[in-house]
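What follows is a set of notes on a single structure, which appears directly below.
The values are calculated or read from the model by the stated rules, or taken from the named source; none is laboratory data. Treat the numbers as computed from the prediction; the structure is a model and nothing was measured. Positions of Cβ are generated from backbone atoms using ideal geometry, with glycine treated the same way; all protein chains shown enter the neighbour counts.
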Amino acid sequence: MEIKKLTDEQRKSVSHFGGAACVIAGAGTGKTTSLIGRIGFLVQEQKISPRDIIVTTFTRKATAELYAKTVEILGEEAQQLKIFTI
């Protein structure tokens, strides 16, 4: 995912440094895109192991979509992510 294609707000959430980040936004604002970018940033740029990342979503559909898109970015490493529906 190219960070250049993100909005300013998405870019801030993707590259946030210094702890957990909470993104609250309405439907269609790019939360999933931001979250996928964030996961890629943490793994590829910050060298954080996918095993140390936990993601929660509200629907099974969102969980499946998130997993499929992280596989596109991380390949087999995405299997180590913990993505749950709450």
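Within region 4-49, the set of residues being farther than 20 Å from Glu65 by Cβ and among the aliphatic types (A, V, I, L, M) comprises Ala20, Ile48. Taking into account only those residues within region 67-83 that are in contact with a helix residue (DSSP H, G or I) (Cβ under 7 Å, 6 or more places away or on another chain) and hydrophobic (A, V, I, L, M, F, W, C), which is surrounded by the fewest Cβ atoms within 10 Å (Cβ to Cβ)? Taking the candidates together, the pick is Val71. What are the pairs, 6+ residues apart or on separate chains, where a residue within region 61-86 that is closer than 15 Å to Arg38 by Cβ has its Cβ under 9 Å from a residue that is among the acidic types (Asp, Glu) and modelled with pLDDT under 95? Matching pairs, first to second residue: Thr70/Glu77; Ala78/Glu72.
For region 44-66, a tally of residues being at pLDDT below 95, in a helix (DSSP H, G or I) and crowded, with 16+ Cβ neighbours inside 10 Å returns 3. The numbered conditions (1) surrounded by 13 or more Cβ atoms within 10 Å (Cβ to Cβ); (2) not in a helix (DSSP H, G or I) are all true for Ile24 except (1). In summary, Ser13 fulfils each of the numbered conditions (1) surrounded by 11 or more Cβ atoms within 10 Å (Cβ to Cβ); (2) of a type in the set (S, T, N, Q); (3) over 11 Å from the mean Cα position of the chain (by Cα) with the single exception of condition (3).
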